[in-house]
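To start, the structure itself, in structure tokens.
Every number here is computed from the coordinates shown, using simple stated rules; none is lab data. Just so it is clear, the structure is predicted and the values come from calculations on it, not from any experiment. Here the Cβ positions follow ideal geometry from the backbone for every residue, glycine too, while neighbour counts run over all protein chains shown.
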Amino acid sequence: MERFEFHVITNGRKQPEEIISAASILAPYMTCIHIREKQRNAGEIFNLAEGLKGAGLRREQICVNDRVDVAVAAEAGAVHLKGTSLEPDLVSKHFSSLRIGKSVHSREEAMRAEDKGVHYLFYGHVFHSESKRGSEPRGLELLRETADAVSIPVVAIGGVTPSNTSWLLQAGAKGIAVMSGIWTAENLDLEARSYSEALQKE
Amino acid sequence: MSKDYDVVIAGGGIIGCAIAYYLRKLTDYTVLVIEKGRIGSEASSAAAGMLGAQAELNEAGPLYTMARESRILFPELSRELKEICGIDIEFIDKGLFKTAGDESEVLKLKRLIDFHNNNGQPAHWVAGPELLKMEPRLSDRVAGAMFLPKDGQVNPVQLTRAFAESASRLGAVFLDFTEVAGFDFSQSGIDVQTSAGMYYGEKVVLASGVWTGKLAVQSGLHMPMFPVKGECLSLTFLEPVITSTVIADECYLVPKRGGRLVVGATMETGSYDRKVRAKGVLELLSKASAVLPGILHGEWEKAWTGFRPQTPDGLPYMGKHPCHKDLYIAAGHFRNGILLSPLTGRWMAELLEGKLQEETLREFAPDRFAYEKNERMSFHEVDC
């Protein structure tokens, strides 16, 4: 059986206490949590990363969005880059211990990212999602094309639910990334469990 | 010193010591308490010792009920411990004020008063002028307060010592500066690996505060816990500045013997940092002086930190391990460890003896987040 990745992304609307508390429940289920808090400054993101370690997360389970400096300072395991971040080859040259991820929206972008030394990709949004309202989802076919074109893991994002997870894996995704699905859950433990069970079925 | 015990308790804080005490008081079990530092040296001695069964808990639920039942035990316990070991836990039942600064807080507190009264608990409103007659040094900007006559306080350091000392006089053995490293589970009983060699317990209780989560993982149990760091400080006065405990917006003031006043406490989730920050002291003093301006004339005594053991749903873990029948857990009491210690100790002693109805602890089950991870990051229900 393959080992699929389960990424959880913060939504920028929770207090650090809530994120840390939730992460302590999610710890055994998830590959990593992405600190994606655009409204927070470097110091706040650093404190949050420290707090997550306090809740029992391993360094590999902490991924800082965009801010390579904070990822390094907090000894996080990964950094997730966006279009306006430092280039991946620059990051891996200077910080070889970081796992580097990047969000891409096309097959070509994915191939370029792989060439630049990115370790995994987010591809999406695959389905309709709360956070990308109004824009057309890319769908399973384009996900398959992208996943086929690269050898690094492609993680599907956008509208992922426990019930559509198996389609994503069949289309070649090596994992899923979830935001709304987790933060709006009434019972976080149950929700995380259904995602991880869905990831096992394939 | 014997290596074999009926019960080995990992953790010599308020909870571990209370369990040891009740075990020796209520049963014939031989008891060993293993503590990695000094007895009661972490959160137990950082606490202010408020018995805020109503002040700290203001929604209906298992904790509200438990807190009230535990509070009832203090008067008798205070006499009992003094008799056994001579230590005075400085139990005071002069009640507690929760103050309101503005109209919206007044409304909130009045709703709380209704809530407590509806649950059969005393609570009443004390208007500003009347409050100043009872506590004349409070600021005249305080609009009034909710008075909770049954919420008292103790000296938490003395209480932990008294539990430990009394348990010891009744035959429990204490091993301090010894760290529990892991467990070997056999058919019956558990071998406990420690930094001072191997000990054996017919039954083992994990009562290691915020560090219990890490011990539980070694038994295959995911029991999420995290620290909420708190900073406190104390001042001394020639004569007491207040007689009752006062809780204001994000700070509390607890009068202690000898003109001491404890001011607490900041909250920082996820931090294991033991430093007292200037920022924390500034925050506490400015909030506290808003209700009691005179505190700024007190003499500085000291400041300290502690790590409240918190759980994701705010309820402690108390009960049996889902797989290992001889392993028990009592941890995660957050801000309420001192208040909940007597009933936790009694319940756990009864549980170990097989005399407690399982129903009592249902909501506190240690395996309520318990799914274990195997090597492949896949998950299955803990297999018993």
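Quick notes on this structure:
- DSSP beta bridges fully contained in the protein assembly as shown are about 55 percent antiparallel.
- Among the trypsin sites (Lys or Arg not before Pro) in region B:288-351, those located in a DSSP loop and surrounded by at most 15 other Cβ atoms within 10 Å of their own Cβ are B:325.
- Our helix-only sum for chain A, with -39,500 (n - 2.57) per DSSP H run of n ≥ 4 divided by its residues, gives a mean residue ellipticity at 222 nm of -11500 deg cm²/dmol.
- Note on chain B: with a GNM built from Cα contacts shorter than 10 Å, the maximum mean-square fluctuation among B:35, B:130, B:165 falls on B:130.
- Square roots of 5 times each gyration tensor eigenvalue, C-alpha, the protein assembly as shown, largest first, Å: 46, 31, 21
- Taking a ≥ b ≥ c as the square roots of the eigenvalues of the alpha carbon gyration tensor, region B:1-68 is oblate, as a/c is not under 1.5 and a/b does not beat b/c.
- Across B:213, B:258, B:306, mean-square fluctuation computed from a Gaussian network of chain B (C-alpha pairs under 10 Å connected) peaks at B:258.
- Taking Cα atoms only, the orientation of helix B:156-169 departs from the longest principal axis of chain B by about 40 degrees.
- Using C-alpha pairs under 8 Å with a sequence gap of at least 6, the mean separation divided by the residue count of region A:5-201 gives a relative contact order of 19 percent.
- The label-point distance for residue B:282 and residue B:239, in a model that sets each label 7 Å from Cα toward Cβ, rounds to 3.5 nm.
- Helix axis angle, B:74-85 relative to chain B longest principal axis, alpha carbon, degrees: 60 degrees
- Computed about the Cα centre, the dipole magnitude for region A:5-201 is approximately 100 debye when only Lys and Arg (+1) and Asp and Glu (-1) carry charge, each at its Cβ.
- Inter-chain shielding of A:191-198 (mean C-beta neighbours from other protein chains, 10 Å cut-off): 2
- Relative contact order (%) - criterion: Cα under 8 Å, at least six apart; region: chain B: 23 percent
- Cα convex hull of region A:60-139 - mean projected area over all directions, nm²: 5.7 nm²
- Most mobile listed residue (B:283, B:59, B:359) in chain B, GNM with C-alpha springs under 10 Å: B:359
- Over region A:1-115: Rg over Rh, Cα atoms, Kirkwood Rh: 0.96
- Chain B shape via C-alpha gyration tensor axes, a/c threshold 1.5: prolate
- Ordering A:54, A:70, A:88 by the projection of their Cα atoms onto the charge dipole of region A:52-100, which places +1 on the Cβ of Lys and Arg and -1 on the Cβ of Asp and Glu, puts A:54 at the extreme positive end.
- Considering only B:117, B:37, B:62, the residue lying farthest towards the positive end of the dipole of region B:1-131 is B:37, judged by Cα position with unit charges set on Cβ.
- For region B:167-217, alpha-carbon Rg relative to the globular expectation (2.2 N^0.38 Å, N residues): 1.20
- Dipole magnitude (debye, nearest 20) for the protein assembly as shown, charges at Cβ of Lys, Arg, Asp, Glu: 860 debye
- Prolate/oblate/rounded call for region A:5-201, Cα gyration tensor, a/c under 1.5 rounded: oblate
- On Cα atoms only, tilt of B:14-26 relative to the major axis of chain B in degrees: 70 degrees
- For region B:140-280, the relative contact order works out to 15 percent when only alpha carbon pairs closer than 8 Å and six or more residues apart are counted.
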